[in-house]
Structures are given as structure tokens and as C-alpha cells.
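Colleague: If you scroll down you'll find the structure; I have some questions about it.
Rule-based calculations on the coordinates, nothing more; no lab input. Note that the structure is a prediction, hence the values are computed from the model and not measured. Cβ coordinates were reconstructed from backbone atoms using ideal geometry, including for glycine residues, and neighbour counts include every protein chain displayed.
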Amino acid sequence: MFRKKSIDEWSLKYWLLQQYNNFSFRIYYRKLQSVNRSNIPRNEPVILAPNHQNALMDALAVVSDAGLQPVFLARADIFKGKIVCGILHFLNIMPIFRIRDGIQNVRRNDMVFEKSLRVIHNRHNPLSIFPEGNHGDKRRLRQLVKGIFRIALLAQEKYGEKPAVKILPIGLDYGHYQKFRSTLFINYGKPIEVSEFYLFWKNNPVDAINRLRSRLAEELKKLMIHIGTEEYYDLYMKLREVFNSTMREKMGIEDDSLASRFMADKKMIDILDQTLERNPGEIAALNQLMSDYQDLLKKYNFRDWMIAKGRFSLIALLAGSLLLLLLFPVFIYGYLTNILPFSIPVRIARTKVKDPQFHSTFKFVLGLILFPVTYLLLLIPGFLLIENPWMRLAYLISLPLAGMFAFSWYIHFKKIRSGFRFFRMKLSGNPAIKKLLGLRKTMIDRMNLIIQPVIHEYQR
């Protein structure tokens, strides 16, 4: 008889699906960068602990980048029916029960904890738990639940005070939660040795859990964008867009990588927090400027990058328009061959998926199915009309490439159209342009005054 495969054992089928996921992830995200991947412990008892803001995309990000086949814990209410349970088991996902699932089901967590301990001790693939418990829609770390710490400390009992079990904090930062071709930055922290808390665990389990929880929260905040203020959350988020390039310049950072942008944002947020505590009136005034600026941008359907640019060359706009016109047939080809698998997930997500944080997950997963199915259907007429095998291969390759080109063409079309509108308004002396430019300059000047003392110390 064949032995049933353990959920944490390496799987060829999983690996094949993982490669498809990795390929698709790098299409879905325009920029994807990870740093400090070498911090991932190999062949050691470890729990991966990412922050949780974007539903299943957070898990897929870890699966795509870490090069492992992690075992995840997920809320039990998604385990409905044999087929769904089978799929989730194949994806290395185990259920965790909450109070809302009924007290009789919560008792079943003891069995889940036992399986989790076996996964950790086996060292085949790591256990992965989102310590916040569920996802949120704000870039901040929420209260950590105690389950991950209980599992980690129970796993450490096998080794006593000897260093063994580790918790690896992972920071995830998305340029936009829902948009296709956004960005994703993955930041691996340094492993936390659970053995450091073992004696506390033996003497006072509650105290040990609280100490470990505080340590993980502290480490995660270093690896992610954490905006603690509720009142000025939107201001901080908008300043990440408006002031990031200036902040990098002030810090002496020359490149435009996601890691560099993250460093600048973290420093800026730290300075804003200090200013808010010391001089809240300064932040309130800055918030009013930003509110006026955003209202005016929204009124004229402009983006900040346009105001930052400040001027558009008519020759460049005309040249760009001519290029778009020449490439229009390629756009039409890509649009017609890709519009259904692209638009169907978007439309269903908007109308059927209530939680916006699940939109990206829904579009990505449904796209994994619809795009290859669509291409297979398009191959039938293509292969009937094309006899040369190399031309058939070229036709197959052209389908996804043309789809990507069509999306890029459309984005550039929108930028050219906005550029013409900006050029026309500025040429006619529309006061809105002057006001937008003035508001942005005033904000940049005020931010420079706020950060200058701290940046001076940073540069020294």
C-alpha cells in the first residue's frame, strides 16, 4: 500500500503549479523586488510570519518568492465540501478554527496544533502563519493574535533552551492592492530565536507569549509600511507619492528601486510621526494643503506625476500620438485576443466580490484559468489557417505578448490624452494649473523644512 503524503512534503504537482504561479506573478506585477531572501532558514524548524493586507495574494507572494512549499493555516469557514477541502490540502493549507466557528470546533484546534508541530519538526517545508489573523485594508500592523506564539513555543519544547525554532518576519508592501501591473516589495527580516523566550514560557506562558508577540510586532514594523496615525493616514499615503523622489534625493539615494523607495518612505513616516508629536499644528496645516491639492486633482482628473512634471512639449505629445497611431493595429490584435479573459475577472470582482482586498486575488486566480483556456481556443482557428509550424509557434507566443502590449498601449494613450489636456489648459492660462503647481511646491517646501534637521543628522 502507498503511504499518504504528508502535507509538508515536497510535491512535483505543487512545484509545477508553483512555476506557473511564479511566471504569472511576474506578469501581474510590473515591478517585483525582494531583499534579504538569504535570511530564510533552510532545513531548520521555522515559521514564516508575513504581514497580511491583500488576502490570498500575500500567501502567493511568499510561495512565489521564497522558493519553498509552505504549509499555511487559514480560517476554517473556507473548507466546505470534499472538492474544496481536497484542493486546499493540495495547496498545503490547513484549517484553523475561531470562536465564531463554534466552541466545539475551536477544540479541534488542538489537532491542528499537533499537525503544525509535526510540520515544524519535520523541516521539509516551513509552516506559514499570518500573525494578524486576518487581512486589513490599511498599511499598518494590527494586533497580533496569540496562536502563532503558542505553536512556536510548543514546538520549542522539543529542544529546550537550545536554539532551534525560529520565526521569520516578512514585510509585504504593494503599490496598489487591486490594480493590475502594480508593484510588490518583499522584505525578509532576521529570524527570531524562540529559545530566547523558552524560560519565560516554562515559568509563565502568558508572559512568554506577550514578550514574543511584542518582539515580532517590533520586527514586522521595521519591514513594512506602518502608519499608526488614523487622523492623518491619507496624508501620509499621499506624501509617499508626492514626496518620495525628493526624500530619496535628500537621503542621497540615487536609484529608483522599490527597496530605495521603501527606505525613503520609512524615514519620511518616522519624521512625520516625530513632528506630529512635537508640533501637531504643522501636520494639520500640511494636511489642509494636501486636501486642497487632491480635491483639485480629482476635479480635473489629473495625476500627481503630471503636476510634478510641470510642462509637456507639444512636439513630444504629437510624436507620441503618431507612434500610438502607427501601433494601433497591434493594439487591436492584442485587445481582441485578450479582452475576455482580462475583463471578465475584473467585472465579476467589481460586482460580486464585496471585500475589495479580495479583488486582486479573484482577478489573479481566475486569470490563471481563463487566459490559457482562451489561448487554447484561439489556437484552433490559428492552426487551421497556418500550416508552417514555426508560424504556429509565433502565433501562440504572440497572444500573451500582444495582450501585454495592448495594456501598455492603452496606458500610454491615457497619458498622452492627459498631457494634451494639461498643455491646452496651461496654454490658455487656466488658473487651476497655476494653483496646482503652487500647492505642490508649497507642500514640497514645507516638507523640506520638516525633514531638514533630521536629514542633516542622517547625512552626518
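Colleague: Could you tell me which of rounded, prolate or oblate describes the stretch 296-344, using a ≥ b ≥ c as the square roots of the eigenvalues of the alpha-carbon gyration tensor, with rounded for a/c under 1.5 and, failing that, prolate when a/b is larger than b/c and oblate otherwise?
Modeller: Since a/c reaches 1.5 but b/c is at least a/b, the shape of the stretch 296-344 is classed as oblate.
Colleague: Explain nothing, just the number: relative contact order of the stretch 12-223, from Cα pairs under 8 Å at least 6 residues apart, as a whole percent.
Modeller: Taking the mean separation of contacting Cα pairs over the length of the stretch 12-223, I get 28 percent.
Colleague: With a 10 Å Cβ neighbour count serving as the proxy for reagent exposure, in which order, fewest first, do Glu249, Glu219 appear? Could the numbers behind the result be given before it?
Modeller: On the way: Glu249 11, Glu219 19.
Ordered from fewest to most neighbouring Cβ atoms within 10 Å, Glu249, Glu219 come out as Glu249, Glu219.
Colleague: By the gyration tensor of its Cα atoms, with a ≥ b ≥ c the square roots of the eigenvalues, what is the shape of the stretch 314-428: rounded for a/c under 1.5, prolate for a/b over b/c, or oblate?
Modeller: Oblate.
Colleague: On to the next question. What relative contact order, as a whole-number percentage, does the stretch 314-428 give when Cα pairs under 8 Å and 6 or more residues apart are counted?
Modeller: Values: 64 pairs, mean separation 53.1, N = 115.
Answer for the stretch 314-428 is 46 percent.
Colleague: Which value at 222 nm does the chain reach when only helices count, each DSSP H run of 4 or more adding -39,500 (n - 2.57), with the total divided by all residues and rounded to the nearest 500 deg cm²/dmol?
Modeller: -21000 deg cm²/dmol
Colleague: Net charge near Thr275: determine it from the other residues with C-beta under 14 Å of the C-beta of Thr275, scoring Lys and Arg +1 and Asp and Glu -1.
Modeller: Local charge sum for Thr275: -2.
Colleague: Counting other beta carbons within 10 Å of each Cβ, put Lys309, Lys267 in order, fewest first.
Modeller: Lys309, Lys267
Colleague: Can you tell me, using C-alpha contacts under 8 Å and at least 6 residues apart, the relative contact order of the stretch 207-321 as a whole percent?
Modeller: 21 percent
Colleague: Would you mind checking Lys179/Lys298; Lys162/Lys266; Lys179/Lys266; Lys146/Lys179; Lys221/Lys352 for any pair whose Cα atoms are more than 25 angstrom apart?
Modeller: Lys162/Lys266; Lys146/Lys179; Lys221/Lys352
Colleague: Another one. Can you say what percent of the DSSP beta bridges in the stretch 12-223, counting only those with both residues inside, are antiparallel? Round to 5.
Modeller: 25 percent
Colleague: Here's something else I'd like to know. Any idea what diffusion coefficient the stretch 255-377 gets from Stokes-Einstein, in µm²/s, Kirkwood Rh on alpha carbon pairs, 25 °C, 0.890 mPa s?
Modeller: Value of D from the Cα-based Kirkwood radius: 125 µm²/s.
Colleague: Could I ask something else about it? Could you please rank Trp305, Trp201, Trp390, placing first whichever residue has the fewest other Cβ atoms within 10 Å of its Cβ?
Modeller: If I rank by nearby Cβ atoms, fewest first, I get Trp390, Trp305, Trp201.
Colleague: Let me check I've understood the local charge: for Arg123, count other residues with C-beta under 10 angstrom from its C-beta, Lys and Arg +1, Asp and Glu -1. What total comes out? Don't skip to the end; give the middle numbers.
Modeller: Details: positive: Arg42; negative: Asp8, Glu44.
Here the count lands on -1.
Colleague: May I ask for the Kirkwood hydrodynamic radius of the stretch 12-223, worked out over all distinct Cα pairs and given in angstroms to one decimal? Walk me through the numbers before you get to the answer.
Modeller: Values: mean 1/r = 0.0565 Å⁻¹.
Hydrodynamic radius (Kirkwood, Cα pairs) of the stretch 12-223 is 17.7 Å.
Colleague: Still on this structure, please answer the following. Compute the signed sum of charges (Lys and Arg +1, Asp and Glu -1) over the other residues within less than 12 Å, Cβ to Cβ, of Phe407.
Modeller: On the way: positive: Arg30, Lys179, Arg181, Lys414; negative: none.
Cβ neighbours under 12 Å give a net charge of +4.
Colleague: How big is the C-alpha Rg of the chain next to the rule-of-thumb value 2.2 N^0.38 Å, as a ratio?
Modeller: Against the empirical 2.2 N^0.38 Å value, I get 1.13 for the chain.
Colleague: Another one. Put +1 on the Cβ of each Lys and Arg and -1 on the Cβ of each Asp and Glu in the chain; which of Ile148, Asn279, Thr374 then has its Cα farthest toward the positive end of the dipole?
Modeller: Sorting the options by dipole projection puts first Thr374.
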